[in-house]
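**Student:** Just passing along the structure, written as C-alpha cells.
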Amino acid sequence: MGWKSPGILLLALVSLAPGSCNKDSGGTAAEPAPGIVLASEGVPRLNIFVATGEPPGTLLTAAVTDLDQALATIVGAPFQTTVAAAFPASDPGAGIYVGLATDASWVEAPSLDVEDCLLRTTPSGQVLLLGGSERGVAHAVYGFLEKLGCRWYFPGQTWAVIPRRSTLSIAFDERQSPDLAFQRSIWMGHGMHTPEISRDFGDWQRRNRMGGPMPLSTAHSWPGIDPATDFATHPEWFALVNGVRQASKPCYANPEVVARGIQRAISYFEANPSASMISVSAPDGLGYCEDDMCRQLAGVESVYTAYDALYGRRPDGTEVCVTSETIFAYANQVADAVAERFPGKYVGCLAYSAYAHPPSFSLRPNIYIQITTGYRRTPLTLGQQMVAFASKCPNIGIYEYYDVEQWSWEKPGAARAARLDYLQSSIRFFARAGLRSVRGEMSNNWAPNGIGYYALSRLMWDSATDVRTVEEDFYQGAFGPAAEALRRFFRRWESGQGMNPRTLALAHRDLQEATQSTADTPEIHARVDAIRMYLHFLAHYVQPNTSGSVTALVTQYGEEGARQRVDYLGRYVRKLINTHMIHS
C-alpha cells in the first residue's frame with residue numbers, strides 16, 4: 001500500500017493523564033511537543049503508518065492489530081492504518097508512525113538496542129513509536145497504549161481494560177528499555193492444558209512486554225550419551241556413586257563424554273541456525289560422580305558430603321564443590337567449541353542443587369548461568385552466591401519459584417507470587433546485582449496470584465516500580481466501584497490470615513458487596529463473578545476440619561458423602577479450566 005499524508009485538523013487540546021509513568025533510560029528527556037490531538041469528539045485526527053520490514057514480523061503484526069483495536073475502542077471510531085515494508089525517505093508529515101528507528105530517516109533518534117523503544121511527539125504533529133528491533137517496536141506500541149490507560153491485568157478478554165474517551169491528546173519524549181535485558185519470563189510449570197489457555201497467556205505476555213530477545217535454554221540435559229543404550233557398553237561414561245557405576249548422571253570429567261557433549265552442541269546449532277543457546281545443565285536429581293578423574297579435575301584427594309552435595313578440600317585448604325568443578329569445566333569446553341564455530345551463540349547452565357556452588361575458575365563469556373532460588377546445596381546465601389557467580393561470568397540470571405502447584409494447591413496467600421512486598425524487594429535486588437534475566441515458575445491460578453503475576457511484569461520491565469501503586473491501579477482499573485471490597489478480599493489473604501470459617505465468611509461478604517455495586521457495569525461484574533467462582537471452589541476444596549484430606553472427608557461425611565463431594569469438585573474444576581482462575 002502506498003503512503004499518503006492525512007489532512008490534520010488541530011482542535012483545542014484536551015490533555016490525557018498517562019496511565020503510568022515509565023522510566024526514561026536515555027538520560028534527561030527533551031521537552032515533549034505540546035499535546036497532539038489523536039481524536040476529537042469521537043473523530044480520529046491522525047492516521048497510523050506502519051513500516052513492517054520484509055517480511056512482516058508476527059510480533060509486530062499482533063501489536064499493530066492491538067493498536068488498531070484499542071484506539072478504535074477508546075475513541076469509538078476506527079483509525080485509518082497504512083502498512084508498508086518501509087517508511088518513506090523524507091519527512092512524511094503528521095501521523096502516528098510505528099517502525100524501526102533506523103528506518104525513520106527524518107528522525108534524529110538515539111541508537112537503540114534490540115529491546116529499546118522511543119516514544120516521542122513532535123511539533124510537526126507526529127507520534128513516533130519506534131524501536132531498535134521488531135520487539136522494541138512492539139514495546140513502543142504497548143508503552144503507548146499503557147499511557148492511554150489500556151491494561152491487560154490477567155489473561156483473557158474479561159480482564160482487558162480499554163478506556164473510552166472521545167477526545168484524546170498526548171505528549172511525551174521517552175526512551176525506554178527493560179532492566180532485565182535477556183529475558184523476563186514466568187511460565188506454567190504444570191503446562192497449559194487447552195489451546196485457549198495458551199492463546200490467552202501468549203497475548204498477556206506480549207501486551208505486558210514480557211519475554212526477551214534471547215530464548216534461554218537451561219533445561220536438564222544429557223551430554224550426547226543415553227543411559228538406556230550406552231550404560232551397558234560404556235559404564236565408565238557414567239557416575240561412580242559409593243563405588244558403583246550408576247546411570248544416574250554422566251561423568252563430566254571423562255574426555256569421551258566431553259567430546260560427545262561438544263558434538264551434541266555443534267550438531268544442534270548446525271540443525272538450528274536461528275537458535276541462540278543450548279543447555280548443558282545436568283540431569284535432575286542427585287547421584288553425581290566421585291571417581292578419580294572427577295577428584296583430580298577438582299584438585300582434591302577425597303570427597304565428603306557437605307550441604308547435601310559432594311565437596312572436597314584441596315591441599316591449600318580451599319573447599320570446593322566437586323560437582324561444580326566438573327560440570328562448569330565441561331561447560332567451558334563446550335562454550336569454547338561453540339564460540340569457535342558459532343560466534344554469538346551461548347551455552348546455558350543452571351546453578352542448581354549439587355552444583356549450585358560457584359566453581360573456583362572463571363566461565364567463558366558466551367556462557368549464561370541461571371541461579372535457582374531453591375534447591376541450593378551451598379553454604380553461601382543467595383546474595384553471596386549471586387555475587388560469586390557475577391565475578392566469574394558476565395551473564396547471570398535467576399530462576400524463581402513464584403508458584404508451584406503442589407506447594408500452594410491454589411490456596412490464597414500461600415505462594416510467593418502472592419507476597420507483593422517480596423516481589424518488589426527481590427526484583428530490585430536482582431536488578432541491582434546485575435542480573436540479566438528472571439525466569440519464574442508459576443501456575444495458571446490468577447485468582448490467588450494474579451496481582452503478583454501482573455506486578456512482576458511491571459517490575460521486570462522497571463525495577464523501580466512501586467508495587468503498591470500497581471496494586472491500587474489494579475483495584476481501580478479492574479473493579480471500579482468495587483475496588484474497596486476487592487482490596488479487602490485480597491489484602492486479607494496477603495496478610496497471612498489463612499482459610500477458616502471466619503475468613504471465608506468475610507470473603508463472601510466482600511464479594512456480595514462487589515456484586516451489588518457492579519450490577520450496572522457488565523464488564524466489571526464479569527470480573528467479580530470470576531473471583532466468586534474461585535471462592536466457591538475454595539469453600540468446597542478446603543472444607544472446615546478436613547483441609548482437603550480424603551481421610552478426613554470420609555471421617556466427617558462418610559464414604560458416599562466424601563465421594564459426592566470429590567466428584568462435585570472435579571466437575572466444577574473442569575468448568576473453571578479456561579477462566580484462568582485456578583490451574584485446573
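The values are calculated or read from the model by the stated rules, or taken from the named source; none is laboratory data. Predicted, not measured: the structure shown is a model, and the values here were computed from it. All Cβ positions, even for glycine, are placed from backbone atoms using ideal geometry, and neighbour counts span all protein chains on display. With ligands, DNA and RNA removed, areas are computed over all heavy atoms of the protein, side chains included. Shrake-Rupley method; radii C 1.70, N 1.55, O 1.52, S 1.80 Å.
**Student:** Considering only residues that are closer than 21 Å to TYR475 by Cβ and in contact (Cβ under 8 Å) with a residue 60 or more places away in the chain, look in the range 496-516 and name the one that is most open to solvent (accessible area, probe 1.4 Å).
**Tutor:** Residue satisfying both the conditions and the ranking: GLN497.
**Student:** Report every pair of residues separated by at least 6 positions or lying on different chains whose Cβ atoms are under 7 Å apart, first residue within the range 280-301 and modelled with pLDDT of 95 or more and of a type in the set (Gly, Ala, Ser), second assigned to a loop (DSSP other than H, G, I, E, B) and surrounded by fewer than 15 Cβ atoms within 10 Å (Cβ to Cβ).
**Tutor:** SER281/ALA219; SER281/HIS220; ALA282/HIS220; GLY299/ARG314
**Student:** Being closer than 26 Å to GLU256 by Cβ and not charged (D, E, K, R) is true for just one of ALA354, ALA388. Which residue is that?
**Tutor:** ALA354
**Student:** Looking only at the range 93-117, which residues are touching a residue at least 60 places away in the same chain (Cβ under 8 Å) and out of contact with any Phe, Trp or Tyr (no Cβ under 6 Å at 6 or more places or on another chain)?
**Tutor:** Those that are touching a residue at least 60 places away in the same chain (Cβ under 8 Å) and out of contact with any Phe, Trp or Tyr (no Cβ under 6 Å at 6 or more places or on another chain): GLY93, ALA94, PRO110, LEU112, ASP113, VAL114, GLU115, ASP116, CYS117.
**Student:** Next question. Take the residues in the range 372-421 that are over 16 Å from the mean Cα position of the chain (by Cα), part of a loop (DSSP other than H, G, I, E, B) and β-branched (Val, Ile, Thr), then tell me which one is surrounded by the most Cβ atoms within 10 Å (Cβ to Cβ).
**Tutor:** The residue in question is THR378.
**Student:** Please go through the range 46-91 and give me each residue that is at pLDDT 95 or above and among the charged types (D, E, K, R), ordered by number.
**Tutor:** ASP66, ASP68
**Student:** Hey, can you tell me all the residues within the range 71-109 that are among the β-branched types (Val, Ile, Thr) and farther than 22 Å from GLU134 by Cα?
**Tutor:** Taking the range 71-109 first, the residues among the β-branched types (Val, Ile, Thr) are 73-75, 81-83, 96, 98, 102, 107.
Across the range 71-109, the qualifying residues are THR73, ILE74, VAL75.
**Student:** Output the residue which, of all residues in the range 443-484 that are of a type in the set (Phe, Trp, Tyr) and in contact (Cβ under 8 Å) with a residue 60 or more places away in the chain, is farthest from ALA140 (Cα to Cα).
**Tutor:** Among residues in the range 443-484 that are of a type in the set (Phe, Trp, Tyr) and in contact (Cβ under 8 Å) with a residue 60 or more places away in the chain, the one farthest from ALA140 (Cα to Cα) is TRP446.
**Student:** Now a separate question. Just checking, which of GLY57, GLY132 is in contact with a Leu (Cβ under 6 Å, 6 or more places away or on another chain) and open to solvent by 10 Å² or more (accessible area, probe 1.4 Å)?
**Tutor:** GLY132
**Student:** Further question on the same structure: Under 8 Å between Cβ atoms, which residue pairs at least 6 apart in sequence (or on different chains) link something in the range 557-584 that is farther than 15 Å from LEU535 by Cα with a partner that is among the acidic types (Asp, Glu) and open to solvent by 40 Å² or more (accessible area, probe 1.4 Å)?
**Tutor:** So the pair list comes out as ASN578/GLU196.
**Student:** Can I ask one more? Mind checking which residues of the range 517-534 are closer than 14 Å to ALA447 by Cα and open to solvent by less than 20 Å² (accessible area, probe 1.4 Å)?
**Tutor:** ARG527, VAL528, ALA530, ILE531, TYR534, listed by residue number.
**Student:** Within the range 226-247, track down each residue that is over 23 Å from ALA356 (Cα atoms) and not hydroxyl-bearing (Ser, Thr, Tyr).
**Tutor:** ASP226, PRO227, ALA228, ASP230, PHE231, ALA232, HIS234, PRO235, GLU236, GLY243, VAL244, ARG245 - these are the residues of the range 226-247 that are over 23 Å from ALA356 (Cα atoms) and not hydroxyl-bearing (Ser, Thr, Tyr).
**Student:** Is it true that ILE225 is of a type in the set (A, V, I, L, M) and part of a loop (DSSP other than H, G, I, E, B)?
**Tutor:** In short, yes.
**Student:** Give all pairs with beta carbons closer than 6 Å in which a residue from the range 61-83 that is touching a residue at least 12 places away in the same chain (Cβ under 8 Å) meets a residue that is open to solvent by less than 10 Å² (accessible area, probe 1.4 Å) and part of a loop (DSSP other than H, G, I, E, B); count only pairs at least 6 apart in sequence or on separate chains.
**Tutor:** As it stands, the answer is ALA70/CYS150, since those pairs meet every condition given.
**Student:** Further question on the same structure: If I filter the range 429-463 down to residues being over 15 Å from the mean Cα position of the chain (by Cα) and open to solvent by 10 Å² or more (accessible area, probe 1.4 Å), which single residue comes out as modelled with the highest pLDDT?
**Tutor:** Taking the candidates together, the pick is PRO448.
**Student:** Of these, PRO227, PRO213, which one is open to solvent by 10 Å² or more (accessible area, probe 1.4 Å), closer than 30 Å to ASN272 by Cα and in contact with an Asp or Glu (Cβ under 8 Å, 6 or more places away or on another chain)?
**Tutor:** Residue meeting the stated conditions: PRO213.
**Student:** Pull out all pairs, ordered by first then second residue, where Cβ-Cβ is under 7 Å, the residues are six or more apart or on different chains, the first lies in the range 178-198 and is at pLDDT 95 or above, and the second is open to solvent by 60 Å² or more (accessible area, probe 1.4 Å) and basic (Lys, Arg).
**Tutor:** none
**Student:** I would also like to ask the following. Is it the case that SER221 is of a type in the set (Gly, Ala, Ser), out of contact with any Phe, Trp or Tyr (no Cβ under 9 Å at 6 or more places or on another chain) and open to solvent by less than 20 Å² (accessible area, probe 1.4 Å)?
**Tutor:** Criteria met by SER221.
**Student:** Additional query: List the number of the failed condition for GLY348; all other conditions in (1) open to solvent by 10 Å² or more (accessible area, probe 1.4 Å); (2) outside any helix (DSSP H, G or I) hold.
**Tutor:** (1)
**Student:** Go through THR305, THR318, THR323 for me and flag whichever is touching a residue at least 24 places away in the same chain (Cβ under 8 Å) and open to solvent by 40 Å² or more (accessible area, probe 1.4 Å).
**Tutor:** Values: THR305 fails: touching a residue at least 24 places away in the same chain (Cβ under 8 Å); THR323 fails: open to solvent by 40 Å² or more (accessible area, probe 1.4 Å).
Matching residue, one of THR305, THR318, THR323: THR318.
**Student:** Might you check whether a residue that is under 30 Å from SER177 (Cα atoms), of a type in the set (Gly, Ala, Ser) and open to solvent by less than 40 Å² (accessible area, probe 1.4 Å) occurs anywhere in the range 261-278?
**Tutor:** So far as the range 261-278 goes, yes, one or more of its residues are under 30 Å from SER177 (Cα atoms), of a type in the set (Gly, Ala, Ser) and open to solvent by less than 40 Å² (accessible area, probe 1.4 Å).
**Student:** Right, something else. Which members of the range 246-262 meet the condition of being assigned to a helix (DSSP H, G or I) and in contact with a Pro (Cβ under 7 Å, 6 or more places away or on another chain)?
**Tutor:** VAL257, ARG260, GLY261
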